[in-house]
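Asker: Structure below; questions to follow.
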């Protein structure tokens with residue numbers, strides 16, 4: 001079935017983004033029209049994407065719905081991930097608005113680049129051909145490099161952008177190299193074809209193919225690990241988070257993780273699924289290292305953006321721990337982890353962005369001191385996010401940890417699960433420290449925090465979501481399991 | 001397991017939790033009456049658990065079962081037996097006392113304070129009634145959050161250190177239990193606690209699972225040598241926080257041993273019993289001496305709690321020696337002694353902390369040396385304090401005597417020296433408690449602060465009187481709680497006397 005309409009969310013998004021780009025040239029810097037147009041674009045794309053959930057379910061037996069000569073397809077995983085990416089992007093734009101206005105950062109560009117990045121993520125999620133994966137990834141990455149550099153008068157932002165660009169380009173190169181080797185070994189770029197060619201191999205030409213494919217697999221994993229920020233390919237993460245404007249760091253740390261998860265599934269499971277014995281080991285090591293290094297180094301940070309960067313690294317470790325099992329259960333566990341992680345981090349960064357007012361960046365941990373007395377809403381949302389990231393029940397982060405732990409234990413990776421829980425205790429320390437600063441300490445800066453009504457409503461919904469999804473985790477869990485059944 | 005028509009347990013869990021959030025949302029002005037109403041309502045709701053309880057059976061009662069996370073096989077399963085029911089009532093009762101104690105004392109953000117205690121009460125009832133392992137874990141861990149905030153926001157000068165230590169210690173203990181629970185869920189295909197009781201587990205598996213449970217529950221109860229968080233947390237916590245911590249949160253550890261360690265890993269528990277008895281005795285004797293050396297009243301009571309919890313673990317783990325001798329009555333004696341000791345300690349330790357709180361509110365010092373001759377200015381209070389101190393020392397006729405006596409009696413049936421060391425507590429407990437009372441209550445008026453003291457008012461009187469009533473009730477009529485647990489304890493004894501492999 002070749003039906004271009006299945007790509008309607010992406011088609012709409014790209015068209016509307018081009019329109020926003022042009023309109024942005026003719027509007028004054030003060031008007032909020034670009035912001036509202038961008039939000040409307042995301043909302044419509046979300047509705048389009050959400051409406052496909054039903055279509056996908058009705059043809060579940062037939063597998064994917066494909067288009068563009070098999071370069072693009074949708075399935076249960078892609079539709080639900082795309083809906084989440086769009087929702088989170090809406091939240092990112094909402095929290096960023098006043099921050100960008102305050103700082104006079106080239107505003108329409110932020111939204112346009114953000115929309116392009118979202119389009120890139122959606123393409124990554126829906127790609128079923130290696131070239132399409134790469135196309136989506138580059139669209140995302142190039143937009144992000146530019147977003148980091150948006151604050152062009154800031155030296156650190158420029159430095160961060162340069163680092164990000166160089167390392168990101170290197171990673172893309174690795175990934176592309178790996179893909180080319182896999183192409184050389186199998187003669188196909190189509191992930192499903194590669195999968196069927198590699199399955200059942202053991203003798204004759206198929207054995208040759210799988211040795212070549214294994215060689216390529218290593219490079220692909222390096223590329224993915226770079227993009228995810230897994231140890232030992234994590235060096236760029238803290239520098240970029242620290243140097244980038246907070247609103248951009250928020251963007252980078254949330255939705256792209258969902259897209260990176262999807263890319264991982266597409267390449268390793270849909271394409272190289274029969275080599276799982278090889279990539280399981282590699283991912284297990286990456287997962288353990290990420291959890292250990294991320295949590296331990298985060299303790300030493302005084303800059304909250306760097307702390308959250310190392311926290312991201314440790315969560316990438318947990319996410320990989322889910323996939324290590326290489327079963328449908330483990331993929332859905334990781335999917336749940338990716339979604340809830342992005343959602344919770346959105347709340348945490350949202351508070352930081354809102355707190356960064358009038359040229360004062362809330363970047364040091366002490367900026368949060370006494371927040372509980374200055375603004376209860378912000379402090380409560382931040383507290384919920386921190387407790388959830390620490391993995392304490394009954395918040396949603398606990399169920400994410402529970403699901404990946406369960407997946408790892410069921411796949412006989414008990415040692416990895418033990419590393420994970422041990423590290424989550426260490427992680428709890430630096431999350432608790434944030435709560436301690438906000439609620440137990442006296443404020444250093446006693447200025448009142450003013451927040452726009454819609455932003456505080458958004459934060460309240462975000463914080464409430466962390467609780468509600470914690471009490472009723474099956475709200476998303478069902479979709480995650482359906483994606484891989 | 002039959003589902004009850006009326007979800008009493010759910011109500012006892014969710015009324016205080018929901019009300020707690022409402023109290024926080026409505027703000028400080030209406031906090032006190034709302035909290036009082038909530039705690040009274042929760043207590044009322046939980047009363048049928050005692051009066052409608054069927055005593056002759058060990059079956060799960062008031063059961064509720066709903067699918068919660070069907071994809072994971074996790075259910076919202078509640079139910080109680082004779083072991084958990086007294087603890088639930090203890091929780092709802094202490095909650096009422098807590099609200100009374102905080103009525104005037106807490107000036108800073110009272111809505112948050114009272115709300116947090118209501119939420120915690122609901123969560124603790126959940127711990128004692130959850131019969132799904134993951135649900136249990138959720139409640140077990142969730143109680144950390146309100147307690148973390150209570151100590152951190154309203155605690156003493158060193159509160160940050162104490163509360164983070166408290167959180168991390170207990171968190172570290174319990175995460176490995178989570179791994180063990182998931183592992184057993186995988187083996188048995190279900191997270192039902194009762195299902196895990198009958199799960200076939202080999203020697204190695206039992207040892208690892210036992211260790212995971214031990215880490216969780218030994219930290220919680222707490223056993224020597226992982227007890228060090230407790231004195232810090234107790235000392236820094238506000239009065240009501242100390243009372244709840246000592247009266248109920250510690251009991252989660254003892255309850256965990258009875259509900260998880262013993263029935264799920266009976267053979268590992270049996271193999272480890274010498275070790276467990278040994279560290280229980282260390283807690284009883286060594287910590288007793290440590291308590292003797294304290295100059296801070298709250299610290300003294302905290303160490304006395306650890307020492308008393310040593311009796312709980314001793315009563316539990318002495319069981320296997322008696323089983324080896326075929327003395328089932330003795331096993332039941334030890335286990336029931338442990339449970340009665342938990343309940344009794346709930347009343348007495350809460351009362352002791354509230355007594356210290358009464359003095360602290362007036363003088364703002366917890367040092368024993370700041371007092372002396374309190375009886376001259378606060379005669380009614382002094383009567384209460386002496387009464388609770390005697391109960392803490394195990395005076396016959398008070399609840400403190402019953403549990404200790406039963407456990408010592410059970411110990412005598414196995415080994416004289418175990419019983420001898422355990423019985424040392426009767427001397428040590430009397431020594432550290434009464435010596436404190438002597439220095440604080442009796443003697444001439446020590447300084448101007450004491451001379452200026454005013455005796456307790458109506459609120460404080462009733463708060464202490466309620467607890468005194470129950471201390472006497474259990475002391476004079478132990479069957480008041482002993483009666484409800486016989487069937488469940490006998491069932492447990494039957495279960496653990498049969499090896500799993």
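Every number here is computed from the coordinates shown, using simple stated rules; none is lab data. This one's a predicted model, so the numbers in the text were calculated from it and none came from an experiment. Cβ atoms come from the backbone with ideal geometry, glycine included; neighbour counts cover every protein chain shown.
Asker: Return one quarter of the surface area of the convex hull spanned by the alpha-carbon atoms of chain A, equal to its mean projected area, in nm².
Answerer: Convex hull of Cα atoms, orientation-averaged projection: 20.6 nm².
Asker: Give the Cα extents of the range A:1-55 along the principal axes, in whole Å, largest first.
Answerer: 45, 18, 6
Asker: Could you work out the Rg to Rh ratio of the range A:41-158, with Rh taken as the Kirkwood radius (inverse of the mean 1/r over all Cα pairs)?
Answerer: Rounded to two decimals, Rg over Rh is 1.06.
Asker: May I ask for log10 I(q)/I(0) of chain B at q = 0.09, 0.11 Å⁻¹, from a Debye sum over the Cα atoms as equal point scatterers with solvent left out?
Answerer: Treating every Cα as an identical point scatterer, log10 I(q)/I(0) equals -0.56, -0.86.
Asker: Here is a follow-up. Using the alpha carbon gyration tensor of the range A:264-358, what are the three equivalent-ellipsoid semi-axes (square root of 5 times each eigenvalue), largest first, in whole Å?
Answerer: Semi-axes, largest first: 30, 16, 9 Å.
Asker: In addition: Which whole-number percent gives the relative contact order of chain A, counting Cα pairs below 8 Å spaced six or more residues apart?
Answerer: Normalised by residue count, the contact order of chain A is 14 percent.
Asker: Now for a different question. Let me know the whole percent of all Cα-Cα pairs from the range B:319-435 that are separated by more than 22 Å.
Answerer: That fraction is 43 percent.
Asker: Additional query: Taking other Cβ within 10 Å of each residue's Cβ, how do B:345, B:486 sort, fewest first?
Answerer: B:486, B:345
Asker: What's the long-distance tail for the protein assembly as shown, i.e. % of Cα pairs beyond 47 Å?
Answerer: When all Cα pairs of the protein assembly as shown are counted, 32 percent exceed 47 Å.
Asker: Suppose we take every Cα in the range A:120-263 and form the convex hull; what volume per residue is that in Å³?
Answerer: Measuring per residue, one finds 89 Å³ for the Cα hull of the range A:120-263.
Asker: To continue, here is another question. In percent, what relative contact order does the range B:1-157 have, based on Cα pairs under 8 Å that are 6 or more apart in sequence?
Answerer: 32
Asker: What's the percent breakdown of Cα-Cα distances in the range A:193-293 across 10 Å bins, shortest bin first?
Answerer: 14, 40, 27, 14, 4, 0
Asker: Tell me the volume per residue, in Å³, of the convex hull enclosing the alpha carbons of the range A:266-313.
Answerer: Given the Cα convex hull of the range A:266-313, per-residue volume reads 56 Å³.
Asker: Peptide B:171-180: average number of partner chain Cβ atoms within 10 Å per residue?
Answerer: Mean shielding count: 6.
Asker: Right, here's the next one. In whole Å, largest first, what are the principal axis extents of the Cα atoms in the range B:1-158?
Answerer: Result, largest extent first: 47, 36, 28 Å.
Asker: What's the center-to-center distance, using Cα atoms, between the range B:214-287 and the range B:363-442 in Å?
Answerer: 20
Asker: For peptide A:381-394, how many partner chain Cβ atoms fall within 10 Å of a residue's Cβ, on average?
Answerer: 3
Asker: On to the next question. May I ask you to work out the translational diffusion coefficient for the range B:332-399 at 20 °C, viscosity 1.002 mPa s, via Stokes-Einstein with Rh from the Kirkwood sum over Cα pairs, reported in whole µm²/s?
Answerer: In µm²/s, the coefficient rounds to 161.
Asker: Still on this structure, please answer the following. Cα-based Rg (one decimal) and Dmax (whole number) for the range A:345-485, in Å?
Answerer: 17.1, 53
Asker: Rank these for me by crowding, B:14, B:229, going from fewest to most other beta carbons within 10 Å.
Answerer: Listed from fewest to most nearby Cβ atoms, that is B:14, B:229.
Asker: If you average the alpha carbon positions of the range B:79-120 and of the range A:245-269, how far apart do those two centres end up, in angstrom?
Answerer: When both Cα centres are located, 44 Å separates them.
Asker: Using the Kirkwood radius over C-alpha pairs as Rh, can you work out the diffusion coefficient of the range A:351-429 via Stokes-Einstein at 20 °C, viscosity 1.002 mPa s, in µm² per second?
Answerer: Estimated via Stokes-Einstein, D reaches 148 µm²/s.
Asker: In the P(r) worked out for the range B:133-208, what percent of Cα pairs fall beyond 20 Å?
Answerer: The proportion of pairs with Cα distances above 20 Å equals 45 percent.
Asker: Defining a contact as two alpha carbons under 8 Å apart and six or more residues distant in sequence, what relative contact order in percent does chain B show?
Answerer: Worked out over chain B, it gives 16 percent.
Asker: Is it possible to state the helix-based mean residue ellipticity at 222 nm for chain B, with each DSSP H run of 4+ residues giving -39500 (n - 2.57), the sum divided by total residues, to the nearest 500 deg cm²/dmol? What is it?
Answerer: Calculated from helices alone, the mean residue ellipticity at 222 nm is -24000 deg cm²/dmol.
Asker: Which order do B:264, A:299 fall in if you start with the one that has the fewest other Cβ atoms within 10 Å?
Answerer: Fewest to most other Cβ atoms nearby, the residues stand as A:299, B:264.
Asker: Would you please state the base-10 log of I(q)/I(0) at q = 0.10, 0.20 1/Å for the range B:351-501, with intensities from the Debye formula using one equal scatterer on every alpha carbon?
Answerer: Here the Debye-derived log intensity ratios amount to -0.48, -1.20.
Asker: Another question about this same structure. If you line up the Cα atoms of the range B:383-424 on their principal axes, what length do they span on each, largest first, in Å?
Answerer: Computed over the range B:383-424, the largest-to-smallest principal extents equal 39, 15, 9 Å.
Asker: Taking just the alpha carbons, could you work out the radius of gyration and Dmax for the range B:233-338, both in angstroms?
Answerer: Rg then Dmax for the range B:233-338, in Å: 15.2, 47.
Asker: Let me ask another. In whole Å, how far is the Cα centre of the range A:292-306 from that of the range B:140-170?
Answerer: Computed from Cα coordinates, the inter-centre distance equals 22 Å.
Asker: Same structure again: Over all residues in A:437-443, what is the mean tally of Cβ atoms on other chains that come within 10 Å of each residue's Cβ?
Answerer: 3
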